[in-house]
Amino acid sequence: MLLNEKIYHIGELEGFSPQIGRLVSMMNYTRHTTLRAVHGLSIKELDFHLDSQSNSIGMLLYHFADVEKIYQILTFENREPTELEEKELELGLDLGEKGQENIKGYPLEFYLDRLEKSRNETLKQLQQRSDDWLNETTPFWNNLTANNYFKWFHVFEDELNHRGQIRMIRKRFVE
């Protein structure tokens, strides 16, 4: 795994407006640390559950890609997902028992491919946006509004949060 020499810099990035570049810098660091946390895991390790109620590492990786996809719809298209889109994303967003039954048996490359595809679309879309777009607000949770900056902060904040779970699960593998 190659290390970008600027991975520990938050700042402007070529191809992005100044504030979006900073946001992408944070997203890049978050993804970098996630990829390091899962590097080399086997299918057995990706499918491991701490208990009957827990998510596996594979489930969490699946979740990251679908969270990113839903926020692409919410922010880049400025709309709610269609019924079909909700159905397609439901498994990765809700996880739970359905996730435990259906998100298993995949090699690491399967999850990495999903993450890469969703991230590539995000970056493509962010390159087309201005810093003003980050400040656009729409209705959000609890009858409050949120701007696009917060929404994309939430995407990588969710990944950071769950990456902590990934690290904990890795320490608990049963051989």
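The values are calculated or read from the model by the stated rules, or taken from the named source; none is laboratory data. This one's a predicted model, so the numbers in the text were calculated from it and none came from an experiment. So basically every Cβ, Gly included, is an ideal-geometry build from the backbone, and we count neighbours across all protein chains shown. Protein only, heavy atoms only, side chains kept; ligands, DNA and RNA dropped before computing areas. Shrake-Rupley method; radii C 1.70, N 1.55, O 1.52, S 1.80 Å.
Counting only alpha carbon atoms, the long axis of helix 83-94 and the longest principal axis of the chain meet at about 60°. Sorting 49-55, 94-100, 78-84 by their mean Cβ neighbour count within 10 Å, with the most densely packed peptide first, gives 94-100, 49-55, 78-84.
Computed with the Debye formula from one identical point scatterer per Cα of the stretch 1-52, without solvent, the log10 of I(q)/I(0) at q = 0.16, 0.18, 0.27, 0.32 Å⁻¹ comes to -0.59, -0.66, -1.01, -1.20. Remark: the stretch 1-159 carries 56 Å² of accessible area per residue (probe radius 1.4 Å; ligands, DNA and RNA excluded). What percent does the relative contact order of the chain come to when contacts are Cα pairs within less than 8 Å and at least six residues apart? Relative contact order, the chain: 30 percent. For the chain, the number of Lys pairs separated by eight or more positions or lying on different chains, with C-alpha atoms closer than 16 Å, is 7.
Charges were assigned to the Cβ only: +1 to each Lys and Arg, -1 to each Asp and Glu. The resulting dipole of the stretch 39-175 about its Cα centre is roughly 500 debye. Ignoring any ligand, DNA or RNA, what whole percent of the accessible area of the stretch 95-175 comes from carbon and sulfur when the probe is 1.4 angstrom? C and S atoms contribute 48 percent here. Given the C-alpha centroids of the stretch 21-84 and the stretch 90-158, what is the distance between them in whole angstrom? If we compute the Cα centre of each part, the gap is 7 Å.
With the charge dipole of the chain set up from +1 on Lys and Arg Cβ and -1 on Asp and Glu Cβ about the Cα centre, the Cα lying farthest toward the positive end among the listed residues Trp152, Leu46, Gln100 is that of Leu46. Can you tell me the 0 to 90 degree angle between the C-alpha axis of helix 108-127 and the longest principal axis of the chain, rounded to 10? Around 0 degrees separate the two axes. Per residue, the chain reaches -19500 deg cm²/dmol at 222 nm when only DSSP H runs of four or more residues are counted, each adding -39500 (n - 2.57). Taken about its Cα centre, the stretch 1-100 carries a charge dipole of roughly 480 debye when the Cβ of each Lys and Arg holds +1 and the Cβ of each Asp and Glu holds -1.
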